[in-house]
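Just so it is clear, none of the values below were taken in a lab; they were calculated from the coordinates. All values derive from a computational prediction rather than experimental measurement. Every residue, glycine as well, gets a Cβ built from its backbone with ideal geometry; the counts of neighbours run over all protein chains shown.
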Amino acid sequence: MVFHRILLGIDALVALVFAWFFLEGLGDGTVSSFNGLLWFGTLATLAVVLGGGIALGRRGRIAAANALLLVLALPAVGFVLFFMLLLVGSGGRWQ
């Protein structure tokens, strides 16, 4: 159950980051009718993963909920670890 909550937290953070960029894009005009369908698909996928993970967890299907939440959490954790490796491994030299 703790692992499920950790995965939910990671996925919620990812959804918040995407929502932030979406709202910023609406503000500065970079989200438009040209790429609106891509944004809709991305935000809908995030909603399905989060909603499905919560719904499956409430029904007691923790293994299925964790599998669904891992679809988003694994790439997100890998992304963060990669950039941490870049920051730590570069030794502060950005030339």
### Task
Would you calculate a helix-derived [θ] at 222 nm for the chain, using -39,500 (n - 2.57) for each DSSP H run of n ≥ 4 and dividing by the full residue count, to the nearest 500?
-29000 deg cm²/dmol
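Charges only on Cβ, +1 for Lys and Arg, -1 for Asp and Glu: so what's the dipole of the chain about the Cα centre, in debye to the nearest 20?
That gives a dipole near 400 debye.
On full extension of the chain, what length is gained from residue 26 through residue 40, given 0.36 nm per residue of separation minus the C-alpha to C-alpha distance?
3.8 nm
Rg(Cα) of the chain divided by 2.2 N^0.38 Å?
Working: Rg = 16.3 Å, N = 95, 2.2 N^0.38 = 12.4 Å.
Its radius of gyration relative to the 2.2 N^0.38 Å reference: 1.32.
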### Message
So for each of 29-41, 48-60 I average, over its residues, the number of other beta carbons within 10 Å; can you give me the resulting order with the highest mean first?
### Response
48-60, 29-41
### Message
If every alpha-carbon in region 54-95 counts as one equal scatterer, what log10 I(q)/I(0) does Debye give at q = 0.26, 0.27 1/Å?
### Response
-0.82, -0.84
### Query
What is the packing order of peptides 75-85, 8-18, taking the mean over residues of other C-beta atoms within 10 Å and listing the highest first?
8-18, 75-85
